[in-house]
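The block underneath contains the structure these notes are about, expressed in structure tokens.
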Amino acid sequence: GECSAFKERFMECLRRSGYESAACRQSAMAYLECRMDRRVAQLMANEPLEKLGFKDLINEKTEEKPEKS
């Protein structure tokens, strides 16, 4: 149940988008991150998000962060 909020956001996104999974990639990535972070419960093996097809979203995340000066 630790990741149920992430799962619900993903499922709601799918419903809103007519089950178009491409529109919900951010939600899917957050859900998978939650599952991998909770390895204590053995929910999912830890895999790099790049290998799971989220390389472009990870690049967007790092570009959004302001650089330290």
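Read the figures in this text as sums done on the coordinates, not as results from a lab. What you are looking at is a predicted structure, and each value in this text was computed from that prediction instead of being measured. Note that each Cβ is placed from the backbone with ideal geometry, even for glycine, and that neighbours are counted across all protein chains shown.
Ranking request for peptides 16-23, 5-12, 48-55: highest mean number of other beta-carbon atoms within 10 Å first, then the rest in descending order.
Numbers: 16-23: 10.5, 5-12: 15.1, 48-55: 12.6.
Ranked from most to least packed, the peptides come out as 5-12, 48-55, 16-23.
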Task: Inter-label distance, nm, simple model (7 Å from Cα along the C-beta direction), L57/E12 - done: 1.6 nm
